[in-house]
Amino acid sequence: AYRGDESGTFQAVPHNLTVIPELVIIKPRNTGDAWSVGSQFGATQYAFAYLNDSNGYGLRNYNSGYGDYYSAPTSTAVNVIGGLRDELTDFVGYLFATLAGVSKVGTYTGTGADLNVDCGFTAGARFILIKRTDTTGDWYYWDSVRGISAGNDPYLLLNSTAAEVTGTDYIDPLSSGFTVTSNASSTVNVNGGTYTFLAIA
């Protein structure tokens, strides 16, 4: 958690991941503003979206000068400006990175057929979040409490207030991660579609 200071250039928000975060989600706590998501960090660009809508990801350059944006994060801080550091606004941030056997932030390209997503796990994923990046698409979320099985797997859409969906088989268990099934060929496994995901073992 941090408070925006709106002074200088970028506000360095310290973290203790000890590695560069690959997925950053930040939300103002005392306003109704959106959940900002930055992922796929690279040397010059990052992908940006909002957790509360279905719009596609947009690539932005670091230091781009508009909206909610970042400078390149480091292993000790996320550097924010714009709407992510408004003065006297309290924020909460959730930061994720890949850790062997524990978590995986990654991407895949849909095939329309059963697709195994290898996360480097040994007993499968217990939490899966998937978002299409090349066009509009919902934020699909599964967990092992609701059930991840070879049959139907209940899911929620984080950008929707709708009740969980229980009658679909979009994902299946896989010891090294998860399988995106051919049943998801119109959602999270569109042939040629690109997706980002967070999986936790």
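The values are calculated or read from the model by the stated rules, or taken from the named source; none is laboratory data. Please read all numbers here as calculations on a predicted model, not as lab measurements. When we count neighbours, we look across all protein chains shown, and the Cβ atoms used for this are built from the backbone with ideal geometry, even at glycine. All accessible areas refer to the heavy atoms of the entire protein, side chains included, with ligands and DNA or RNA removed. Shrake-Rupley method; radii C 1.70, N 1.55, O 1.52, S 1.80 Å.
Before moving on, here are some points about what is shown:
- Screening 135, 187 for residues that are in a loop (DSSP other than H, G, I, E, B), among the hydroxyl-bearing types (Ser, Thr, Tyr) and modelled with pLDDT under 95 leaves exactly one candidate, 135.
- Subset of segment 111-132 that is open to solvent by less than 50 Å² (accessible area, probe 1.4 Å), assigned to a strand (DSSP E or B) and of a type outside the set (Val, Ile, Thr) - its residue that is farthest from residue 175 (Cα to Cα): 132
- Screening residue 153 against (1) open to solvent by 40 Å² or more (accessible area, probe 1.4 Å); (2) farther than 16 Å from residue 107 by Cα leaves a single unmet condition, (1).
- Residues within segment 133-146 that are exposed (fewer than 13 other Cβ atoms within 10 Å of the Cβ) and more than 22 Å from residue 109 (Cβ to Cβ), tallied: 1
- Among the criteria (1) more than 28 Å from residue 1 (Cα to Cα); (2) over 19 Å from the mean Cα position of the chain (by Cα), the one residue 87 does not fulfil is (1).
- In segment 123-146, the residues that are free of Cβ contacts under 8 Å to residues at least 60 places away in the same chain form Cβ pairs under 7 Å with partners that are open to solvent by 60 Å² or more (accessible area, probe 1.4 Å), at six or more places apart or across chains, as follows: 141/158; 143/126; 144/126; 146/164.
- Residues of segment 85-110 that turn out to be in a loop (DSSP other than H, G, I, E, B) and either acidic (Asp, Glu) or modelled with pLDDT under 95 (or both), as a count: 4
- Subset of segment 1-39 that is aliphatic (A, V, I, L, M) and outside any loop (DSSP other than H, G, I, E, B) - its residue that is farthest from residue 88 (Cα to Cα): 23
- The set of residues in segment 4-46 being in contact with a helix residue (DSSP H, G or I) (Cβ under 9 Å, 6 or more places away or on another chain), open to solvent by 60 Å² or more (accessible area, probe 1.4 Å) and either modelled with pLDDT of 90 or more or within 19 Å of residue 159 (Cβ to Cβ) (or both) consists of 33 alone.
- Residue list for segment 57-84, filter: at pLDDT 75 or above and on the phi > 0 side of the Ramachandran plot: 82
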